[in-house]
Structure formats: C-alpha cells, structure tokens
Amino acid sequence: MSVVGGVRRLTAPDIRARKGGAPVVGLTAYHAPGARLADEHCDFLLVGDSLGMVLYGYDTTVPVTLDMMIAHGAAVVRASRHALVVVDLPFGSYEEGPQAAFRAASRVMKETGCGAVKLEGGCHMAATVGYLVERGIPVMGHVGLTPQSINSFGSFRPRGRDDIESEAIAADGEAVVSAGAFALVVEAVPVRVAAALTRAMPVPTIGIGASVVCDGQILVAEDMLGLTPRVPKFVRRYAEVGAIASDAVARYARDVRNRAFPGVENTYAEPGFEAPEIDLPDDEPSAAAK
Ligand code: KIV
C-alpha cells in the first residue's frame, strides 16, 4: 500500500471488498494529464490497451506492445495518488502460458508501480490468472467482448445474445474469478447476461456496455469527454471537449496570423528596448477571411 501526501492509494483488495457496496468508478487514463483529472473522482484508473486505437490511431488493440503499456502505465502512476492503477497486458504478452504472463506482468508491476494488471479471456486463461495471483500479482478479469480477439470475432458487435454465447460468458466469468481475479470487466453484453454474472460472482463486475446492473462501471475517458469521433451506444458524452479544443486552436491560429499573439504579457521585456512596430503586409489574410 502506498501513502502519498497523507492519501492512501486504493488497492485491489479494497476494490474486491466493494462487492455489494457503493458502485465502483473506473475510467481509462493513458497519460499524466488524464490521470491528474480523474484520480480524485475514481476508484481505479485503467491504463487500457484501447490507447492503441484512441491515442495511436490503430484500428484494433492488437499492435499494442508491452513497452507502450509500461510507458503509459508509469506516467499514470506518477500523476495519481488515490486511485488503484490497473494496467492492461497487451495482446501477445500473456497468452502463451502462465510463465510468459508472469514475466510480462512482473515487468509491468516493477516498471510502472501499478497495483494490478488486467487480462482478457475466460476458461482458457484461468490457469494463468491463478498462477499470477498466487505469485502476488492482482488480476482483473475481462469477459464478454474481448477486443484483443477481434480477428476471431470478426467485429466489435456485442456478445452473449444467444444461449451458446451467454453460457460461455457465464463459464468464463466463473473460471477467472474462481482462479482469483479480484474484479471482472464485463464488456458489451445484454442486461440478462450482466445480471446473471453480477448475481453469481463474489467480486465486483465492472460494466462497459453491460448496463447499470453491474457493481461498477468503466468508460474510455476520451469517449465520454467528446474526444473520439465514433460514440458507441453505451457511452454517455459528459462533455464536448473536442469542440472546445478545436475552437481554441482556431482562435490561436487566427491570433498568430493577425500577429495578435503573443501579446506584451506573453513577452520577456528588457528595459530600454522597444519592440519595433510590425506592419502587416497588405495581403495578410484577415481572421474574418478564414
Ligand atoms: O482497453 C480498455 O480500455 C479496456 C476497457 C474498454 C475496459 O479494456
């Protein structure tokens, strides 16, 4: 447990103990400014491998590397002090077996200072989850739509709409939680599936596109802040930060073109030196023309 400036950081057991209590608040954070904004309001910050799509512009999370996760995870840990930081294990770093997973997860824990890792998958990952948990690495599970399997799924459509899929998801949740996961992300499933998992699991279910029945929620911060072009159905836009930022950049560009920025207040003055008058060329485009 770390205590910074009198603030005790939440731990995986704290989140585990919230089953049946106040809803758990999670949000993704990929960098220091995002972590600073979210830390005091959230119970956990997820350094999700969705950063590959949101920050790096990939079409899927598959290209994300362990080094990318470690660089972003370390930034989020440095800029936060209250929320538990959970870092995703990226595709290819853990599926080979428990020992490969331990090597990847222990690097993440040592090099970022985070309090837990998350990995995707159910029954076939249970042995790996158990191996990590027994060796001191708290694991958050992730079932339902598991985006790292996009090439097998073929699309990001919701999962669990028929009996075969919904029974498989129930078995997946049961397997990773029995193996020791302290919480379970449930992504893009119908309410019926989320409700059954939430009833059955002794640990908090954390929904994303899995309805209000879950024990907690997580969203991608950029989605709810209005910084991503595509808004999945399960996202509520809490702000249009993208529009505000675009307007700010437009005003900055106009001021630079009109030599209205930098102003005197943004300039290092020297006594006795008068800045020369600058004539705007006649053909200087006016702000209004833009
Ligand atoms: O990578 C991510 O951001 C996630 C959330 C969508 C749960 O796994």
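Among beta bridges from DSSP that stay inside the chain, the antiparallel ones total about 10%. Each residue in Val133, Val108, Val191 was given a count of other beta-carbon atoms within 10 angstrom of its own, and listing them fewest first yields Val191, Val133, Val108.
Run the Debye formula on the Cα coordinates of segment 1-111, all scatterers equal and no solvent, and tell me log10 I(q)/I(0) at q = 0.11 1/Å. Rounded to two decimals, the profile gives -0.36. Calculated FRET efficiency, Leu55 to Glu277, Cβ-Cβ distance, R0 = 51 Å: about 0.70 to the nearest 0.05.
Which of these, Leu89, Leu27, Leu55, has the largest mean-square fluctuation under a Gaussian network model of the chain (Cα springs below 10 Å)? Checking each option, the largest mean-square fluctuation is seen for Leu55. When only alpha carbons are used to place a centre, segment 71-96 and segment 178-255 end up 18 Å from one another. Extents of the chain, taken as max minus min of Cα coordinates on every principal axis and listed largest first, are 75, 42, 36 Å.
Note on Arg135 and Asp163: with the Förster distance fixed at 41 Å, the Cβ-Cβ geometry gives a FRET efficiency of about 0.65. Which of these, Gly97, Gly216, Gly207, has the largest mean-square fluctuation under a Gaussian network model of the chain (Cα springs below 10 Å)? Highest fluctuation among the options: Gly97. Of the residues Gly130, Ala260, Ala239, the one whose Cα sits farthest toward the positive end of the charge dipole of the chain, with +1 on the Cβ of Lys and Arg and -1 on the Cβ of Asp and Glu, is Gly130.
Between helix 66-78 and the chain there is an angle of about 70 degrees, using the helix long axis and the longest principal axis of the Cα atoms. Taking the longest Cα principal axis of the chain as reference, the axis of helix 191-200 is set at about 60 degrees. 3J(HN,Hα) along segment 21-33: x, 5, x, 8, 9, x, 8, 6, 9, 10, 8, 4, x Hz, from the Karplus curve 6.51 cos²θ - 1.76 cosθ + 1.60 with θ = phi - 60°, whole Hz, x for Gly and Pro. Fewest neighbouring Cβ atoms within 10 Å first, the residues Met68, Met53 line up as Met68, Met53.
Can you tell me the dipole magnitude for segment 2-239 around its Cα centre, using point charges on the Cβ only (Lys, Arg +1; Asp, Glu -1), in Debye to the nearest 20?
Details: 22 positive and 23 negative charges, 135 e Å.
Result for segment 2-239 is approximately 640 debye, rounded to the nearest 20.
Put a dot 7 Å past each Cα toward the Cβ at Ala100 and Ala71; how far apart are the dots in nm? Placing both labels 7 Å beyond Cα along the Cβ direction yields 2.3 nm.
Ranked by Cβ crowding within 10 angstrom, fewest neighbours first, how are Phe44, Phe234 ordered? Could the numbers behind the result be given before it?
Values: Phe44 28, Phe234 16.
Final ranking by Cβ density, sparse to dense: Phe234, Phe44.
Across segment 36-52, coupling constants 3J(HN,Hα) worked out from phi with the 6.51/-1.76/1.60 Karplus curve, θ = phi - 60°, read 4, 5, 8, 3, 6, 9, 10, 8, 9, 10, 9, 7, x, 6, 4, 4, x Hz, and Gly and Pro carry x. Kindly express, to the nearest 10 degrees and within the range 0 to 90, the angle between helix 163-178's C-alpha long axis and the longest C-alpha principal axis of the chain. Relative to the chain, helix 163-178 is tipped by roughly 90 degrees.
Once the Cβ-Cβ distance between Phe156 and Arg8 is put in as r, and R0 is 51 Å, what FRET efficiency do you end up with, to the nearest 0.05? Don't jump to the answer; show the numbers that get you there.
Numbers: r = 37 Å, r/R0 = 0.73.
So the FRET efficiency works out to roughly 0.85.
Read the figures in this text as sums done on the coordinates, not as results from a lab. None of these values were measured; they are calculated from a predicted model. Don't worry about glycine lacking a Cβ; one is built from the backbone with ideal geometry, like all the others, and counts go over all protein chains shown.
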